[in-house]
Amino acid sequence: MRFTKTLIIGASLLALTACQGQNNTHPETTPNNIVKLNAENDVNVRINDWFNAYDEASLKRYPERLAARGIKERMDEWNDMSKSFYLEGLDRRAQAADELKANFDRADLTPQNQLSYDIFLDQTDRMLEGRKWYDYRYAFNQMYGTHSGIPTFLLNQHKIENLEDAQAYIARLQSVDKKLGPVIKYAKESFDKGIAPPAFVYGHVLRDIDNIVSGAPFDDSDKLNLMLDNLKKKTEKLNLTEAQRETLFTDAITALQNVVGPAYAELRTELQRQQASASTDDGVWKLPNGADYYAYELKMMTTTDMTPSEIHDLGLSEVDRIHSEMRDIMKQVGFEGTLQEFFEFTRSDPQFFYTEDGGKERYLSEATDLINIMKGELDSVFIQKPKAELEVRAVEAFREQSAGKAFYSRPAADGSRPGYYYANLYRMEDMPIYQMEALAYHEGIPGHHMQLAIAQELEGIPDFRKYARFTAYTEGWGLYSEFLPKEMGFYEDPYSDFGRLAMELWRAARLVVDTGLHDKKWTREKAIDYLVTNTPNPKGDCVKAIERYIVMPGQATAYKIGMNKILDLRAKAKTALGDKYDIREFHDVVLRNGPLPLSVLEDQVDAYIAEKQ
């Protein structure tokens, strides 16, 4: 394989853990106190103080969020996963929204602070609306959950830079039951209310549990358990005495045997109880008030009021359009046959896949090269660029069988940890080379790494906006970032361009199958067959994707809806501004405010157009 300007053959979610935190025994500074302290200051200074105080007070309630931002506080604690803590958090948020409205007149604020004001209240409304659907999250599934979140957090976010950090790591092992217990209770109560994932999910989660509690000291294997091995490798780099290392190792083994193992055994028992009578129905239509719940999820994920039928029809239309463009590529490469025959050719011919022997290392190396090549071209289309570094990694072995095709983890705000683009290389036949390029752009640069890193590096806006979650914006940008390089001169090989179209087709087909599953009562098998027939992805890809959409209703619709909105707004700006249009400025408008609901993004673009005119 060679490189010219490019390589010639080139999920965030609303998890249960994202909205729950830790105990509230620590004193906090309230936003209202800050307002009083700075009463004589300009209103725009005061509101920024208020937002910062709110974010700091909220952040301190969640030890794992502190770690995610690179803050070494409360390192021996987990987030509190209880329902009471979740509800208390909603009450705090509602109180904060009342304080905001009582203390500040929106008309007195700068445009940037008006935006913060509006987003804070909009987020509050969405959070409070979610109270009704608290029981509807599938606490344990193959995509996310506390069972896999525990080792993932310890391996990737718990820093061990000294003895105290290592002792805090062990303290977390010693309290894993406190972390898992409330979620097991939640899962049990939801199941007893008729709210649970379909039967196929349980096998995936039980397999993951087996992987997590494998290795010494859980069995006689010569291989250490992943959490013990992680501690060992990190402490080997520290300046510790042998006695200190031995004590840490012994304490960790004791915690794994006495706490971690029994906690996961309790989870296993509960999941096996549920598995015995789990439903084989797949969509959330099966749940009590399932139609209303799905409408809520679509609204949350897309930040639009599109109905399931509108989204379904959009998907069918986009699939037809992309199929037409793919037929043009078939002619270009001289393939004779139907589009479905071309799909079979691209999903099965050995030239499109690396072998297991050395293929994983080659894939990671070439994906890194793609990103580095793109870095050199950014100035032509962007004003701002991320300061944080990016690293391409393979998904860890303990979760690679269940995890998605690729995903991104943002960097630490203090620069101590880079952003990670994770490629799932469990089966190389599920990672065609012709899609490598589009995946690298989506997860890395100019995609998720660029957008998310820039957001948290922004100055002059409150932290709650830097870390806001609007799936349609974030994933819409990721999908747009697959298309933008085409205009920049990348995807020079037709198969590489086919890979780009295949990725867009995948997101268009999601609109069809997600609404099919959750609104039109499609079965898992019907949805899988639709993807196999209408996309070039291998069946394993299609199975894993449908199983993801089943446990994350609505999430998959956000990508294409978000991309289409960005493209529509770009066309609007270009038409309105004519010779004054600058794509670098347009991208700056999209990125300079952090994540936004799509309607608010449109307001920002309209303001930019008016200003330029």
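The values are calculated or read from the model by the stated rules, or taken from the named source; none is laboratory data. Just so it is clear, the model here is predicted, and its values are computed rather than measured. Every residue, glycine as well, gets a Cβ built from its backbone with ideal geometry; the counts of neighbours run over all protein chains shown.
So here's what we get for this one:
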quantity: Tally of residues being under 29 Å from the mean Cα position of the chain (by Cα), farther than 17 Å from Ala455 by Cα and modelled with pLDDT of 95 or more across segment 574-602; calculated: 2
quantity: Criterion: among the β-branched types (Val, Ile, Thr) and over 25 Å from the mean Cα position of the chain (by Cα) - qualifying residue of Ile150, Ile170, Ile184; calculated: Ile170
quantity: Residue check, Ile311 part of a helix (DSSP H, G or I) and either within 15 Å of Trp522 (Cβ to Cβ) or out of contact with any Asp or Glu (no Cβ under 9 Å at 6 or more places or on another chain) (or both); calculated: yes
quantity: Some residue of segment 568-578 being buried (at least 21 other Cβ atoms within 10 Å of the Cβ) and among the β-branched types (Val, Ile, Thr); calculated: no
quantity: Breaking point among (1) part of a helix (DSSP H, G or I); (2) within 28 Å of the chain's Cα centre (by Cα), for Gln384; calculated: (1)
quantity: Test: residue in segment 314-321 that is hydroxyl-bearing (Ser, Thr, Tyr), in the same structural domain as Ala558 (by TED's automatic domain parsing) and on the phi > 0 side of the Ramachandran plot; calculated: no
quantity: Output for segment 441-461, where each listed residue is assigned to a helix (DSSP H, G or I) and either among the charged types (D, E, K, R) or closer than 24 Å to Ala68 by Cβ (or both); calculated: His442, Glu443, His448, His449, Met450, Gln451, Leu452, Ala453, Ile454, Ala455, Gln456, Glu457
quantity: Failed criterion for Met127 (all others in (1) under 30 Å from Gly203 (Cβ atoms); (2) part of a helix (DSSP H, G or I) hold); calculated: (1)
quantity: Sole residue being exposed (fewer than 15 other Cβ atoms within 10 Å of the Cβ), farther than 30 Å from Lys526 by Cβ and touching a Lys or Arg at 6+ places or on another chain (Cβ under 9 Å), chosen from Glu356, Glu270, Glu266, Glu336; calculated: Glu356
quantity: Selection count where residues are among the hydroxyl-bearing types (Ser, Thr, Tyr) and either assigned to a strand (DSSP E or B) or over 30 Å from Met552 (Cβ atoms) (or both), scope segment 387-415; calculated: 2
quantity: Residue under evaluation Leu517, criteria (1) over 21 Å from Ser402 (Cβ atoms); (2) surrounded by 23 or more Cβ atoms within 10 Å (Cβ to Cβ), criterion not met; calculated: (1)
quantity: Criterion (under 33 Å from the mean Cα position of the chain (by Cα) and among the β-branched types (Val, Ile, Thr)) met by exactly one of Thr241, Thr235, Thr250; calculated: Thr235
quantity: Odd one out for Tyr421 among (1) farther than 27 Å from Lys72 by Cα; (2) modelled with pLDDT of 95 or more; (3) within 17 Å of the chain's Cα centre (by Cα); (4) not in a helix (DSSP H, G or I); calculated: (1)
quantity: Selected residue (only one of Ala571, Ala545, Ala576 is of a type in the set (Gly, Ala, Ser) and under 30 Å from Thr280 (Cα atoms)); calculated: Ala545
quantity: Pairs, first within 16 Å of Ile160 (Cα to Cα) and among the small types (Gly, Ala, Ser) in segment 239-253, second assigned to a helix (DSSP H, G or I) and at pLDDT 95 or above, C-beta under 8 Å, six or more apart; calculated: Ala252/Tyr169; Ala252/Ile170; Ala252/Leu173; Ala252/Met227; Ala252/Leu228; Ala252/Leu231
